[in-house]
Amino acid sequence: MNLDSLSRDYLVLAFGIERHLPGYVDSYFGPAEVRENRAAAEPATPEGLLEQAEVLAEQVADGEGPPDRLGFLGAQARAMIATCRKLAGDDLSYADEVRGCFDIAPTRTPEAVFEQAIAELDDLLPGDGPVRERMVAWRRRFEVAPEVARTLLDVVVPEVRRRTLEVVDLPPEEAVEFAFVSDKPWSGYNWYLGRSRSRVELNTDLPIRANALTGLICHEAYPGHHTEWTLKEHHLYRDRGLGEFAIQLIHTPQAVIAEGIATLAESILFPDGDLHRWQAERLYPLAGLEGDPERETRLDAAQRALRAVNANAALLLHADGAPEEEVVAYIARYGLRDEPEARQNLRFIADPLWCAYVFTYHAGRDLLGRWLSNGSRTERFRRLLTEPVWPSEVEEWIAAEAGERAAPH
């Protein structure tokens, strides 16, 4: 495929950053010569990359083309400038790094929000005693061995794919391969391979729970990461010729949209408590478990506020300079985790590649969720899957709709 100058400069810069920040390029399925030429060339210095990023931002600002393309590229270029500044030795604060890379404000959630959620969970969880211990016990009742999880995948994957096809069309050749791995900082990961194919890895270092497996597959595959990248490759790269959609970059606003889509994916396919009814009927019997759909639905709703615990913990570690043991205790207390899981969470938020990324999950979900709630969720979700979108643009959509509702008629 022929690339225009904006796409080519964007891709060359991305591979230049990757030389200094391994993992920055999450996936690439564009022309091989771009990557090969960059790999063969002498690595650019961080200062040289910063200059390239600033030139790219200027080219985008002065460029001509569809507003959605230029807006997306502008947001991405500003994020690349922030990353290059850090690589060049600029002393960016943690908050400035999150803001610069992801086009979002890294806000701290008041602990009172967590306390209220924990009080609700105290009323909902069976048994007596400390709520954290009861929450840990509740989660453990759903843990299954990897071989059992493989059996459950045979039921989950066809079901979520079938439901996804009721929302969007997928190419006939698309497919996902699933694998179990270990020694990773994350619970699950989608490696998008291009040509509508993905490899999804599930980390056995963390417990695999039957009640969370469907949500994890929705997040990583249908209609989450795999679905988004299949559709954006098809609609934006191959149909529209936008070379910037032949690559996925970690430290950019693109990630906020991707994680917002993925964390909302389950709710698109299973609205109004349908997930827990389906799991109790179709999934749990295969694992020798019994479900309580009403209780599980209410527990999920109460736990939603706790999604921000890891982001607060990241601020505690990186902005406040708290010692790691204090951060582990914070995650265990407010995330209602046992110590091994709290330490695994710490491993993720302490990792140089992921330390700022942790904000993309709850910030992406909250942002996109607000926009989806103002219209047809299915139609708007389909738009997120198929069009260039960036966080500040979604904020503008929400503000414009709020203004329209507030205006006198």
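The values are calculated or read from the model by the stated rules, or taken from the named source; none is laboratory data. Owing to the predicted nature of the structure, the values given are computational and were not obtained by experimental measurement. We place every Cβ from the backbone using ideal geometry, glycine too, and count neighbours over all the protein chains shown.
Out of segment 58-88, which residues are under 25 Å from the mean Cα position of the chain (by Cα) and among the aliphatic types (A, V, I, L, M)? Once the filter is applied, which keeps residues that are under 25 Å from the mean Cα position of the chain (by Cα) and among the aliphatic types (A, V, I, L, M), segment 58-88 yields L70, L73, A75, A77, A79, M80, I81, A82, L87. With respect to being outside the structural domain of I250 (by TED's automatic domain parsing), crowded, with 20+ Cβ neighbours inside 10 Å and not aliphatic (A, V, I, L, M), F29 falls outside the description.
Just so you know, in segment 169-201 the residues that are among the aliphatic types (A, V, I, L, M) and more than 16 Å from H219 (Cα to Cα) include one that is surrounded by the fewest Cβ atoms within 10 Å (Cβ to Cβ), and it is V181. Counting only residues that are of a type in the set (D, E, K, R), modelled with pLDDT of 95 or more and out of contact with any Leu (no Cβ under 8 Å at 6 or more places or on another chain), segment 259-273 holds 1 of them. A count restricted to segment 37-54 and to residues that are without any contact (Cβ under 8 Å) to a residue 40 or more places away in the chain and either in a helix (DSSP H, G or I) or touching a Leu at 6+ places or on another chain (Cβ under 6 Å) (or both) stands at 9.
Can you confirm whether segment 43-56 contains a residue that is surrounded by 14 or more Cβ atoms within 10 Å (Cβ to Cβ) and within 25 Å of N190 (Cβ to Cβ)? No, the conditions are met nowhere in segment 43-56. Number of residues in segment 214-231 that are surrounded by fewer than 24 Cβ atoms within 10 Å (Cβ to Cβ) and more than 15 Å from the chain's Cα centre (by Cα) equals 1. Identify the residue in segment 86-99 that is within 19 Å of D320 (Cα to Cα) and small (G, A, S) and, among all such residues, is surrounded by the fewest Cβ atoms within 10 Å (Cβ to Cβ). Per the stated criteria, the residue is S93.
Of the set (1) in a helix (DSSP H, G or I); (2) closer than 15 Å to D26 by Cβ, all apply to Y192 but (1). Residue count for segment 306-329 under the criterion of being within 15 Å of F348 (Cα to Cα) and either of a type in the set (F, W, Y) or without any contact (Cβ under 8 Å) to a residue 12 or more places away in the chain (or both): the result is 1. The numbered conditions (1) of a type outside the set (K, R); (2) over 19 Å from the mean Cα position of the chain (by Cα); (3) under 20 Å from Q344 (Cα atoms) are all true for N203 except (2). Any residue at all in segment 382-404 that's assigned to a helix (DSSP H, G or I), among the β-branched types (V, I, T) and either at pLDDT below 95 or within 14 Å of the chain's Cα centre (by Cα) (or both)? Looking for residues that are assigned to a helix (DSSP H, G or I), among the β-branched types (V, I, T) and either at pLDDT below 95 or within 14 Å of the chain's Cα centre (by Cα) (or both), one finds none in segment 382-404, hence no. Only one of the numbered conditions (1) surrounded by fewer than 14 Cβ atoms within 10 Å (Cβ to Cβ); (2) at pLDDT below 95 is not met by A112, and that is (2).
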